[in-house]
1. Rg/Rh for region 1-43 to two decimals, with Rh computed the Kirkwood way over all alpha-carbon pairs.
2. By how many nm would the segment from Leu44 to Tyr90 grow when fully extended, if each residue of separation counts as 0.36 nm and the alpha-carbon distance is taken off?
3. What ³J(HN,Hα) values, in whole Hz, does the Karplus curve 6.51 cos²θ - 1.76 cosθ + 1.60 give for region 86-99 when θ = phi - 60°, with x put for Gly and Pro?
4. Taking the Cα centre of each part, how many Å lie between region 78-130 and region 10-70?
5. Could you please put Ile10, Ile49, Ile92 in sequence from largest to smallest accessible area, using a 1.4 Å probe?
6. Looking at region 27-130, which GluC sites (Glu not before Pro) are in a loop (DSSP not H, G, I, E or B) and have at most 13 other Cβ atoms within 10 Å?
7. Based on the Cα coordinates of the chain, what is the per residue volume of their convex hull in Å³?
8. Can you work out the FRET efficiency for the pair Ser56 and Arg5, with r the C-beta to C-beta distance and R0 = 41 Å, to the nearest 0.05?
Amino acid sequence: MPDHRRIDLIGIQADRMVGRHLYVTGQALGAYRGGAGGYATGLLGAGYILPWWKNSRLELNLEGLVGVGGGGGLAVGGGLITQATAGLNYRISETTGVQLTYGYVGAPQGHFRARVVSLAVSYRLTTLEK
């Protein structure tokens with residue numbers, strides 16, 4: 001019987017732009033609510049950002065990631081996790097933004113499948129590169 005509980009995660013994500021719209025990303029997340037204590041995941045992947053329309057603060061965001069996950073009693077099989085998301089970013093300023101994404105995560109070698117909804121605050125550390 002499938003497990004349909006809600007599991008809340010908190011984590012951190014770091015992105016590095018490698019082109020005008022393309023970036024690489026790394027994410028680390030852990031469960032803090034939902035009866036899956038001990039569940040954690042680490043993901044690496046790529047993303048693509050497109051302005052919604054010219055000179056807009058709104059951007060479309062697509063990501064594909066792969067990594068490992070386990071613990072919390074979730075059926076992740078050998079631990080391989082894949083995730084695909086799409087979302088919207090709103091740039092409040094040059095350095096600060098908010099992001100809302102939706103997608104799916106799953107374990108190809110296990111029975112774990114879930115919808116992903118994410119709300120994040122972003123801060124661009126571009127000053128470190130200048």
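1. Result for region 1-43 is an Rg/Rh of 1.18.
2. Contour length minus the Cα-Cα distance gives 14.3 nm.
3. 9, x, 10, 10, 10, 7, 6, 8, 5, 10, 10, x, 10, 9
4. 3 Å
5. Working: Ile10 115, Ile49 25, Ile92 95 Å².
So the residues, ranked largest to smallest area, are Ile10, Ile92, Ile49.
6. Details: sites: Glu59, Glu63, Glu94, Glu129; in loops: Glu94, Glu129.
Here the sparse-neighbourhood loop sites are Glu94, Glu129.
7. Details: hull volume 14.3 nm³, N = 130.
Taking only Cα atoms, the chain has a hull volume of 110 Å³ per residue.
8. Numbers: r = 38 Å, r/R0 = 0.92.
The value I calculate is 0.65.
The values are calculated or read from the model by the stated rules, or taken from the named source; none is laboratory data. Keep in mind it's a predicted model, so treat the numbers as computed, not measured. Heads up, the Cβs are rebuilt from the backbone with ideal geometry, glycines too, and the neighbour counts pull from every protein chain shown. When the accessible area is computed, the model is the full protein with side chains, heavy atoms only, and any ligands, DNA or RNA have been set aside. Shrake-Rupley method; radii C 1.70, N 1.55, O 1.52, S 1.80 Å.
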